[in-house]
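This report refers to the structure that appears directly beneath it.
Values quoted throughout were computed directly from the atomic coordinates according to the rules given, and no laboratory measurement underlies them. Worth saying up front: this structure is predicted, and the values here are computed from it rather than measured. So basically every Cβ, Gly included, is an ideal-geometry build from the backbone, and we count neighbours across all protein chains shown.
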Amino acid sequence: MKLTFSVMAKSSCNVFSKRLISSFVGSALIVGGATSIWSEAAIAQVSPSNTTPQAQAANQLPASVSRRIVQDAAQRSRVATNQIQISRVTERTFGNACVFEFGNRCTPLNEPIAGWEVMVSVKGQPWRYHVDRAGMQLALDPLTATPTPVSTMPGSHIDAVIMDVSRRAKVAPTAVQILQAKPVSFSNPCMLHFGEYCQNRPFSPIAGYEVMAQANGQTWRYNVDRPGTRVILDPRVATTPTVMPTALQSRILADAATRAGVPATSLQLTQTTQRTFSNACVFGFGEMCPMIYQPIEGWETVVRVRDQAWTYRIDRAGTQIAIDPRLTTTGRLPISVENAVRQNAQTWTNSPTVQIVAAKAQTWGNNCAFNFGRLCPANFQPLEGWVVQVRSGDVEWTYHTNKDGSQVVMDRRGLLPTKVADAIGREIAKGGGPSVQTNSLRFLEVKEQTKRTCFLFNCRNELHYLTIVSNGRQQWGYQSDDQGRRVEPVSVAQVRQAKDEVVSQR
């Protein structure tokens, strides 16, 4: 459908003319699908309130720049220069050469080019140009000047995509449908290969196509270079419907079972996707990764653990495995903290059956409080982290950790005078025999109490300590005076139920 309008020049008729034109333009957009003709720039040309004469728009550019754009458009469209009209000029700074040249897949390299974006009317069709300040660099948007439907893409390229989808989806080529093919410009080979993080390498554009295909209800996205020598499937969008090898499934389930303290038979893989990770940092769920392309082929899978979903990544050989550290496995406990706590607990107890039973976020006023100190200085140097409750067999204890798990403490030995801690250790070793090593003992609870003792008419308050001590497999309760001279066994329950009296002076 071709529409021709005569714009009324009198100001009294402007409103009527604008409404009439808008009505016809709206009809053109609906009837016949003329969206490629009646774009924003085309509407601006026919609307009286937005019409910009050629001279007015061109005056926003240096004469030499304006002249070069008009000549380029005239040469490409094979029309006279007086039929080319500059309709809009916008001053812009382009991020790099790829952006300047309308690249669809550009790296974030910052090499700015100052210039203009220029809309030109060519035979009623809006063309978009980019031009630098000096007029030395000129680029035409290929999508506005030469829109390319699927039918104009080389048949050999379409056949290559269809055959690849057919092979991967295990369907006949006639069952593959090409949904879309459009010309694109990839800024470098890494972008052509769907790199998630590509180096800020020199701009070396590769012309090609982005192709969308469909088979068995699944959508497949390909990048194809212009000669058709490289036909590359996007691993993040359409993947080969392959089953993860049983050995890799078993390794992931075993890791999840160990972390959760449950049998592997109670876990389930709920989703598995074959993926290509751009480098080891991306594979390991890194948030700030270098822009290097060293791909790792593998899988991303989700494991159902109780009522939670844990995301794992594993490479094809099964030599590398990673779990999302942002997961919440116990309360809001990060995986990095859980790993640190589990490793410390398993090393101490020499047992793989360690369970994390509770966790909560905590902010301590300073490092002294973080290390279970009672009488700490009043300086405020906050330390954020976690209080983690752990159980192994009949032994239960509490860890303090910082936010990332690089600091883990649980032994309260420092709350006791050295001679008291040593005396209790000797008593435990004496009763437990050679199987109990004093260097494996940890003081899980330390409470202070005062006892009033009298001899004849002389009475005084004496400081006593109640403690729970463990070697990771057994635990004992003890009571001692502040000199370690009188050390007596008591029940663990008695220590836990006792009131902790903070003494102002030691």
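At-a-glance table
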{"quantity": "Protection-proxy order for peptides 473-480, 381-388, each taking the mean of Cβ atoms within 10 Å per residue, highest first", "calculated": "473-480, 381-388"}
{"quantity": "Reachable aspartates and glutamates, given that their alpha-carbon falls under 17 Å from the alpha-carbon of residue 360 and they are not under 8 places away in the same chain", "calculated": "338, 384, 396, 404"}
{"quantity": "Fully extended contour minus Cα-Cα distance, from residue 500 to residue 64, at 0.36 nm per residue", "calculated": "148.2 nm"}
{"quantity": "Relative contact order for segment 150-233, counting Cα pairs under 8 Å that sit 6 or more residues apart, in percent", "calculated": "29 percent"}
{"quantity": "Cα-projected label distance for residue 493 with residue 406, points at 7 Å along beta-carbon direction, nm", "calculated": "4.4 nm"}
{"quantity": "Cα centroid separation - segment 388-414 against segment 245-310, whole Å", "calculated": "27 Å"}
{"quantity": "Förster radius 22 Å - calculated FRET efficiency between residue 429 and residue 394 (Cβ-Cβ, nearest 0.05)", "calculated": "0.60"}
{"quantity": "FRET efficiency for residue 294 and residue 320, using Cβ-Cβ distance with R0 set to 22 Å, rounded to 0.05", "calculated": "0.95"}
{"quantity": "Semi-axes of the equivalent ellipsoid for segment 335-409, Cα gyration tensor, largest first, Å", "calculated": "24, 12, 10"}
{"quantity": "Kirkwood Rh in Å, taken over segment 246-323 so that all alpha-carbon pairs contribute", "calculated": "12.9 Å"}
{"quantity": "Principal axis box of segment 375-506, alpha-carbon based, largest edge first, Å", "calculated": "57, 44, 25"}
{"quantity": "Relative contact order (%) - criterion: Cα under 8 Å, at least six apart; region: segment 415-481", "calculated": "29 percent"}
{"quantity": "Two-site FRET efficiency, residue 376 against residue 247, from Cβ-Cβ distance with R₀ of 51 Å, rounded to 0.05", "calculated": "0.50"}
{"quantity": "Compactness index (Cα Rg / 2.2 N^0.38 Å), segment 150-233", "calculated": "1.12"}
{"quantity": "Residue 91 versus residue 216: modelled label distance in nm, points set 7 Å from Cα along the beta carbon direction", "calculated": "5.7 nm"}
